[in-house]
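Participant: Below you will find the structure I want to go over with you.
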Amino acid sequence: GVQDFLWTDLPAGSHFAVQVISVKGHAEASSTIAAEWTYPLVPRKLSVKAEKGNPALSVAWAKPVSKPERCQLQLRHPENSTLLQHHTLTQWQVSHIFQRLVPGRNYSISLICVAGPYKNSSEMIVTPIEPSHVKNLQCLPDTTSMFLNWTIIENDIKSYELIVNKFPKRILQQPILALVVSQTNVTLVELTTNTSYQIQVNAVGRNDIKGPSVTIMCNTSVEGIDSNLTIDCTKS
């Protein structure tokens with residue numbers, strides 16, 4: 001008749017061969033060897049943190065996997081699943097840092113282990129990278145207008161948010177202007193002559209995360225008089 005056997009507590013993600021030998025007296029007859037894999041195990045929960053001020057993601061998990069050479073951390077584009085970076089685990093490894101990422105984008109991370117025909121994956125975690133602050137913010141004022149421009153590099157930017165206030169700002173004063181632009185320059189018009197303005201600029205990433213603000217102080221000039229430009233640019 002058919003006999004069933006169950007082996008327990010075998011190492012996960014390992015290859016085993018089973019051979020059945022029948023014995024009758026002094027004679028032995030062996031069956032065909034059967035081979036099979038045990039299902040691989042992966043850490044179910046990953047800890048993913050974006051590094052402040054550095055376009056990198058730090059990944060950690062609770063304990064080493066049993067067969068690290070068959071396990072791979074994968075960094076993908078969350079919208080189209082394109083594989084961007086991958087890392088094969090080493091013995092006792094419990095953390096890794098993905099570097100050289102683009103601020104303003106989202107990234108998805110998962111840990112996948114393979115054993116023969118079987119594949120197992122951790123949960124997929126989507127994490128955003130905050131955009132950088134804008135640089136070289138400049139103001140070129142006229143009597144009733146200001147031209148602003150700035151730069152930003154190696155970012156995936158959707159838009160820029162600007163908030164304009166008269167200076168000094170009074171308590172409970174609402175911004176006189178709030179606008180969103182897609183380019184790295186803008187002209188503010190219909191301003192008051194010989195007046196100080198405080199302008200705050202934030203980059204907004206393609207992932208809808210707002211970057212740190214940069215603030216500039218700028219004065220409109222007096223009617224008919226050329227003014228020397230003084231700029232105070234601070235990042236907050």
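Participant: Hey, Q183 hits all of (1) in contact (Cβ under 8 Å) with a residue 40 or more places away in the chain; (2) within 32 Å of the chain's Cα centre (by Cα); (3) farther than 20 Å from S81 by Cα but one; which does it fall short on?
Facilitator: (1)
Participant: So, L75, is that one within 20 Å of the chain's Cα centre (by Cα) and in contact (Cβ under 8 Å) with a residue 40 or more places away in the chain or not?
Facilitator: It is false that L75 is within 20 Å of the chain's Cα centre (by Cα) and in contact (Cβ under 8 Å) with a residue 40 or more places away in the chain.
Participant: Continuing with this model, one more query. Cβ contacts < 8 Å: first residue of a type in the set (S, T, N, Q), restricted to the range 32-51; second residue part of a strand (DSSP E or B), any location; separation 6+ or different chain. Result?
Facilitator: Pairs that qualify, where the first residue is of a type in the set (S, T, N, Q) and the partner is part of a strand (DSSP E or B), are T38/F16; T38/A115; S47/V59; S47/A60.
Participant: If you don't mind, another one. Which residue is farthest from K67 (Cα to Cα), if the candidates are limited to the range 23-45 and must be modelled with pLDDT of 75 or more and small (G, A, S)?
Facilitator: Looking at the filtered set, the residue picked out is A34.
Participant: Right, something else. Tell me the residue from V134, V114, V201, V164 that is aliphatic (A, V, I, L, M), out of contact with any Gly (no Cβ under 6 Å at 6 or more places or on another chain) and free of Cβ contacts under 8 Å to residues at least 60 places away in the same chain, please.
Facilitator: V164
Participant: Going through the range 112-138 one residue at a time, which ones are hydrophobic (A, V, I, L, M, F, W, C), modelled with pLDDT of 95 or more and surrounded by 20 or more Cβ atoms within 10 Å (Cβ to Cβ)?
Facilitator: I129, V134, L137
Participant: If you don't mind, there's one more thing I want to ask. Here are some conditions: (1) among the acidic types (D, E); (2) under 14 Å from I199 (Cα atoms); (3) touching a Ser or Thr at 6+ places or on another chain (Cβ under 8 Å). D142 meets all but one. Which one does it not meet?
Facilitator: (2)
Participant: Have a look at I209, I109 and point out the one that is touching a residue at least 60 places away in the same chain (Cβ under 8 Å), closer than 26 Å to K49 by Cβ, assigned by the TED database to the domain that holds P78 and β-branched (V, I, T).
Facilitator: I109 is the lone residue from the list that is touching a residue at least 60 places away in the same chain (Cβ under 8 Å), closer than 26 Å to K49 by Cβ, assigned by the TED database to the domain that holds P78 and β-branched (V, I, T).
Participant: Is the range 94-110 home to any residue that is within 13 Å of the chain's Cα centre (by Cα), surrounded by 15 or more Cβ atoms within 10 Å (Cβ to Cβ) and among the aromatic types (F, W, Y)?
Facilitator: Yes, there is a match, as at least one residue in the range 94-110 is within 13 Å of the chain's Cα centre (by Cα), surrounded by 15 or more Cβ atoms within 10 Å (Cβ to Cβ) and among the aromatic types (F, W, Y).
The values are calculated or read from the model by the stated rules, or taken from the named source; none is laboratory data. Please read these numbers as outputs of a predicted model, since none were measured by experiment. Don't worry about glycine lacking a Cβ; one is built from the backbone with ideal geometry, like all the others, and counts go over all protein chains shown.
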